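Every read-out reported here was derived from the displayed coordinates using simple, explicitly stated rules and does not represent laboratory data. Keep in mind that this is a model prediction, so the values were computed, not measured. In this analysis, Cβ positions are derived from the backbone assuming ideal geometry, glycine residues included, and neighbour counts consider all displayed protein chains.
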Amino acid sequence: MLNILLFWGTYFGGLFLAFSRAPIYAFVVYQAVYFFNPPKRWWGSSIPDLSYSYYIVVIMIVLVIANHKELSKNKLFNAPQTKWIYLFLATHLMAYAYAAIPIRHDLFTIYFLKLIVIISVAYKLINTERDLKFAVLGYIFGAWYLSFYTFQIGRNRGDRVEGIGTVDSPDSNGIAAAIAPAVVFALFYLWRSDKLWQKLLSLISLAFLCNALVLINSRGAVLGLIIGGSYFVYNLYKGKLKAKYQKATVYGLIITGVIGLTVVVDDGFINRFSSLKQESGGVNEEGETGSTRVIYWKAAFDLALDHPLGTGAYGFNYYARSYIPANTYVGQNLRKSGGVKSVHSSWFSALAEVGFLGLMFFILIFVSCIKTSTALKKLFIKKKRTYEYYFVFALEGALLTFIVTMSFLDRHRAEILYWLILFFMAAHNIYINKSNSEEITKA
């Protein structure tokens, strides 16, 4: 009952706010629906079977049209990331001509096209600094709900949690990747918030998010969070701008984190991560482990040399038996079973699917994010805007978390990845483009 009340309250409450307060709330509802994902929840049969996300996207488009005069200044190509995203999409469209599995490629390309349309519309809706804040908080809220749902379900398959997926990420590793960056943002708001109730909400969100990561037991996501979270906390301590009692606050965050980990970490989590030491010794050719990914990555590169323009979605899966060496355990198993294998890396997956050109555009998306964050930090140092300065580090830390995680998963078309990129696009538009012509609306 609580899940249903949360869903309806978020859905209709958000729609009311979208029309009465600010259009950005429509995107916040979309974010929530993504994580709620009613058709795949145990409570989903208790509500009408409708395409809730479709109706929200239609409303988002209607709001952009209705507020055209105000939102027309948010020009998509003023964000440096846009052209690379669109070019990356173009390589997917080009791959129709030589996709190994046309039906699969069509399915994933259409999904990706829809995602880019949604991100483009959302960019239009993020009109002010306050809107950007709500978009980030919407992500935290959605991730919190999924972590709350994970807490309700508990481990249901050995030392892991399954069956909690979203539309584009049915497996638990993908879900861990989706919620891990939210921890960095929650850390930022725990530090940034002035009011006790705001800090309390941030702390509760962090507790559920970290607990979910432990229950899911995804090593890649935790590794990503360790790197991305450490990057944020380190810069919070060493940054050029300082708020009152900042270093003491950082120590407090670290102590709170250590105490929190001792509460949520269990034997299953420790045992799974202790296996990393064993796998770090090299590729195990007598069995399939996490280190076997190196074999997949080399095979994907060899595939790209033969198919430099790519092989379309699931192309690596199709050709895997021809490129994974027969003298390896996984190669022998593939040839016996006639099965398929994923490449288990977004970088090599992009390379195998859309070739060297597509991979270049994919990398340039992140290069443009780095350039945006560098420009933003210089601007905020100049204007002595301390909190905005550290918000950029939170953006970087969250994106870094996902980048590390997706290096072990096929997530180059992941919804959350493009939300994170969207935040960079919106920040560039609000703080750099608009600051040259009008006063920034403060949250």
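Counting other beta carbons within 10 Å of each residue's own, what order do TYR251, TYR189, TYR123 fall into, fewest first?
Arranged by neighbour count, lowest to highest, TYR251, TYR189, TYR123 become TYR251, TYR189, TYR123.
Hey, which lysines would be in cross-link range of LYS341, C-alpha to C-alpha under 24 Å, not counting anything within fewer than 8 residues on its own chain?
List returned: LYS298.
Please list, by residue number, every one of the trypsin sites (Lys or Arg not before Pro) in segment 351-436 that is coil in DSSP and has at most 15 other beta-carbon atoms within 10 Å. Numbers along the way, then the final one.
On the way: sites: LYS371, LYS377, LYS378, LYS382, LYS383, LYS384, ARG385, ARG411, ARG413, LYS434; in loops: LYS384, ARG385, ARG411, ARG413.
Loop-located and lightly packed - LYS384.
In the set [x] 74, 50, 37; [y] 63, 50, 50; [z] 70, 69, 42, which value of Cα extents along the principal axes in Å was calculated from the structure you see?
Computing Cα extents along the principal axes in Å and matching it to [x] 74, 50, 37; [y] 63, 50, 50; [z] 70, 69, 42 gives [y].
What ranking, highest mean first, results for peptides 75-87, 293-305 when packing means the other Cβ atoms within 10 Å averaged over each residue?
Working: 75-87: 17.7, 293-305: 19.5.
Descending packing order for the listed peptides: 293-305, 75-87.
What relative contact order, as a whole-number percentage, does the chain give when Cα pairs under 8 Å and 6 or more residues apart are counted? Present the calculation step by step, with values, prior to reporting the outcome.
Values: 620 pairs, mean separation 99.0, N = 443.
Taking the mean separation of contacting Cα pairs over the length of the chain, I get 22 percent.
Of LYS73/LYS244; LYS75/LYS371; LYS73/LYS247; LYS124/LYS244; LYS199/LYS247; LYS238/LYS383, which pairs sit farther than 29 Å apart, going by alpha carbon to alpha carbon?
LYS73/LYS244; LYS73/LYS247; LYS124/LYS244
Using a Förster radius of 22 Å, what is the FRET efficiency between ILE47 and ILE110 based on their Cβ-Cβ separation? Nearest 0.05, please. Numbers along the way, then the final one.
Details: r = 26 Å, r/R0 = 1.20.
Computed FRET efficiency for ILE47 and ILE110: 0.25.
Please find the FRET efficiency linking SER72 to LYS40, where r is the Cβ-Cβ separation and R0 is fixed at 30 Å, and quote it to the nearest 0.05.
Details: r = 38 Å, r/R0 = 1.26.
The calculated FRET efficiency here is 0.20.
Kindly put THR91, THR328, THR401 in sequence by how many other C-beta atoms sit within 10 Å of each C-beta, fewest to most.
Numbers: THR91 21, THR328 18, THR401 30.
Ascending Cβ contact count within 10 Å gives the list THR328, THR91, THR401.
When ranked by the protection proxy of mean other Cβ atoms within 10 Å per residue, highest first, what sequence do the peptides 30-37, 173-180, 403-410 form? Please report the intermediate quantities before stating the final value.
Values: 30-37: 24.8, 173-180: 27.0, 403-410: 23.0.
The packing order, highest mean first, is 173-180, 30-37, 403-410.
Just order 215-226, 235-246, 252-263 by mean Cβ neighbour count inside 10 Å, highest at the front, would you? Can you show the working numbers first?
On the way: 215-226: 23.5, 235-246: 14.2, 252-263: 12.4.
Per-residue mean Cβ counts within 10 Å order the peptides as 215-226, 235-246, 252-263.
Taking LYS40 as the anchor, which lysines have their alpha carbon closer than 19 Å to its alpha carbon, excluding any fewer than eight residues away along the same chain?
none
If you average the C-alpha positions of segment 110-188 and of segment 310-370 separately, how far apart do those two centres end up, in angstrom?
Taking the Cα centre of each part, segment 110-188 and segment 310-370 sit 25 Å apart.
For LYS242 and ILE65, what is the calculated FRET efficiency with R₀ set at 45 Å and r taken between the beta-carbons, to the nearest 0.05?
Values: r = 44 Å, r/R0 = 0.99.
Taking R0 as 45 Å, the efficiency between LYS242 and ILE65 is 0.50.
Where the centroid of each part is defined by its Cα atoms, how far is segment 4-59 from segment 401-424 in Å?
Centre-to-centre distance over Cα atoms comes out at 23 Å.
Rounded to the nearest 20 debye, what is the charge dipole size of segment 77-443 about its Cα centre when +1 sits on each Lys and Arg Cβ and -1 on each Asp and Glu Cβ? Display every interim value, and only then the final one.
On the way: 37 positive and 23 negative charges, 286 e Å.
With Lys and Arg at +1 and Asp and Glu at -1, about 1380 debye.
For segment 351-443, state which GluC sites (Glu not before Pro) are in a DSSP loop and have at most 14 other beta carbons lying within 10 Å of their beta carbon. All intermediate terms of the calculation are to be shown ahead of the outcome.
Values: sites: GLU353, GLU388, GLU396, GLU415, GLU438, GLU439; in loops: GLU438, GLU439.
Loop-located and lightly packed - GLU438, GLU439.
Within 10 Å of each residue's Cβ, count the other Cβ atoms and sort VAL340, VAL161 from fewest upward.
On the way: VAL340 14, VAL161 23.
Going from least to most buried by this count: VAL340, VAL161.
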